[in-house]
Structures are given as C-alpha cells and as structure tokens.
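For reference, the structure discussed in these notes is given below.
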Amino acid sequence: MNVASAILLTMFGTAVGSFLNVCIYRLPLRKSLMWPGSHCPACDAPVKPYDNVPIAGYVWLGGRCRSCRAPISIQYPVIELVTGLVFLAGYLLFDSPAMLVQRLVFACAMIVLFVIDLEHRILPDVITLPGIVIGFVFSVFLPPGWRDSLIGIVLGGGSLWLMGELYFRIRHEEGMGFGDVKMLAMIGAFLGWKLMLLTLVLSSFLGSIVGVAIIAINRGDMKYALPFGTFLAIGAMIASAVGDSIVTWYAAFYY
C-alpha cells in the first residue's frame, strides 16, 4: 500500500463528501447543486472558502455559522468523514483503478440515498434512474459483466415491484414505493444479480432487526419508522465491499 496515495485519496474523499452534503440538502428541495454557492441556511451568509474545508472548517467554527452563530448540523462533518473512510476502504479493497472508480461512484450514490431516504422518505429519480444507466455502462467493461447487470436490473426492479403489488392486493394499501424499486434496479445494474440478491437479503435482515427493536421499545409505527431505501443502501455497501466473499462462502456449503 502506498501510504501517500491512501492519504491523498482519503482527503479527496472528504472533499467529495462535502459535495454529497450539498446533494443531500438540495435535491429534496429541487434546488440547483451549483448555484448559489455554499451558504448558511439560517442567515444566507456565504460560507468563506477557508471555512469550507472538510471537517476542519466545522471544528474551527465550533459548529456554528461565523455570521449569525446558528448551529451547524453535525451531519456535515460526519458525511465528510464517512465518505473519506469509504474512499480509503475502496483503495484498500480494489486493486484495479477502474473497479475503484466504479465502486466509489456507487458508494457516493448510496450515501446520498441513505441520508435522503432517512430524512425525507424519498429516493430521488435524479440519482436512481441515471444510476441504472451508469451502472450498466460500467458493467459492459467491468465485473459483473453486462449480462449479470441486465439480469440484476430486471430482477432487482421486478422483485420489489412484485412484492409491493402483492402487499397492495392483500392489504389494500401501499407497502413499497417505486423509489425502492428503482434503487434496487440501480444496485443490480452496478453489482449484478447475485450481489443484488445478497443486498436484498442483508437489507431485509437489518430492517427486521431494527423493526423488532422499535416494536420492543414502543417508539412508533414500524411502517413509517423504517425507510427501506436506507437499509438497501447499507446492504448494498456491504455487498459492494465483501459480497463476492460472502457468496463464495455460502456457495461452499453446496459443493
């Protein structure tokens, strides 16, 4: 491992995380990602370039706007830190530069979808629909290959759509949003059908654990407390990083 390259990529990841924060804040509001520049949501004062340094800017401002002293959400440095660590993990896991780029593009999309679904219960089409196309294009040249990618798109989107349709027929109420359908199709496009299925298993398992915990402590209606896209993002990140090893380990029981 080249330590200098790892450090530089991690720092670049925190800068990307700063942009992801912009996406997370503005996409649900249907605002431009480019204009206006970064500003305080409380007083609209522009953020100085030296205050916009990832993580460090939050620390030396004491978590407050320089102009009006309104508190800045801890989410900003957390997303920057997480993105930097994801970039570092990618560097350690993937030897191929092309695979590294593919998986980092995918990871950035998952981070944005994770937070937006958790906060707003939506999965923006502006990420999922282009993501399906981008994932398929990557897969023409890289693993999992275009066939597995295409199967992943059809099977991923189709399986969740079918579950949602069955739920509606039985309960006569919406149980699965089309945002989840498009998100799983995007996951299938990037990772292929095998890792897409693994993602579905992992996300369902994680969702069940959290759902049971919510019921146990009586803190709300599980149906509204669990945005499934959030768990899909977690499952997809795990599958993207170590999914091939998990599939190989599981398949060994049948050989």
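Bear in mind these aren't lab numbers, they're just calculated from the coordinates by the rules spelled out. Note that the structure is a prediction, hence the values are computed from the model and not measured. Cβ placement follows ideal geometry from the backbone for every residue including glycine, while neighbour counts extend to all protein chains displayed.
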### Query
What list of whole percents do you get for P(r) of region 1-147, with Cα-Cα distances grouped in 10 Å bins up to the one holding the largest distance?
11, 35, 34, 16, 4, 0
### Query
Each residue of region 42-49 in turn: what ³J(HN,Hα) in whole Hz from Karplus with 6.51, -1.76, 1.60 and θ = phi - 60°, glycine and Pro shown as x?
8, 10, 6, 5, x, 7, 5, x
### region 104-115 - phi-based ³J(HN,Hα) in whole Hz, Karplus 6.51/-1.76/1.60, Gly and Pro as x
6, 4, 4, 4, 4, 4, 5, 4, 5, 5, 4, 6
### Message
Could you compute how fast region 1-88 diffuses translationally, taking Rh as the Kirkwood radius over C-alpha pairs and applying Stokes-Einstein at 10 °C with viscosity 1.306 mPa s? Give it in µm² per second.
### Response
117
### Message
Looking at the calculated P(r) for the chain, what percent of the C-alpha pair distances fall above 23 Å?
### Response
56
## Note on the structure
Free-by-geometry Cys in the chain, Cβ-Cβ under 4.7 Å as pairing rule, reported as C23, C108
### Message
At a 10 Å Cβ-Cβ cut-off, how would you order K194, K48, K182, fewest neighbours first?
### Response
K48, K194, K182
### Query
Hey, got the dipole for region 1-93? About the Cα centre, +1 on K and R Cβ, -1 on D and E Cβ, debye to the nearest 20?
280
### Message
Taking the Cα centre as origin and putting +1 on Lys and Arg beta-carbons and -1 on Asp and Glu beta-carbons, what dipole magnitude results for the chain, to the nearest 20 debye?
### Response
420
## Note on the structure
The number of Lys pairs in the chain whose alpha carbons lie under 26 Å apart, excluding pairs fewer than 8 residues apart on one chain, is 4
#### Entry: Calculated from backbone phi, Karplus (6.51, -1.76, 1.60) coupling profile of region 187-197 in Hz, x at Gly/Pro
4, x, 5, 7, 9, x, 5, 5, 6, 5, 5
### Message
Check which residues have an amide H placed less than 5 Å from R64's amide H, if you skip close sequence neighbours.
### Response
I72
### Query
What are the residues whose amide H is under 5 Å from the amide H of I55, where those residues sit 5 or more places off or on another chain and H is modelled from the backbone?
none
### Query
Could you put E119, E80 in order, starting from the residue whose Cβ has the fewest other Cβ atoms within 10 Å?
E119, E80
### Query
Which cross-chain or sequence-distant (5 or more) residues have an amide H under 5 Å from the amide H of H39, H modelled 1.01 Å from N in plane?
V47
## Note on the structure
For region 60-140, the Debye formula with one identical point scatterer on each Cα and no solvent gives log10 I(q)/I(0) at q = 0.21, 0.27 Å⁻¹ as -1.02, -1.22
### Query
Which of W146, W35, W249 comes first, and how do the rest follow, when ranked by fewest Cβ neighbours within 10 Å?
W35, W249, W146
### Query
Percent relative contact order of the chain, based on C-alpha pairs within less than 8 angstrom and at least six residues apart?
18
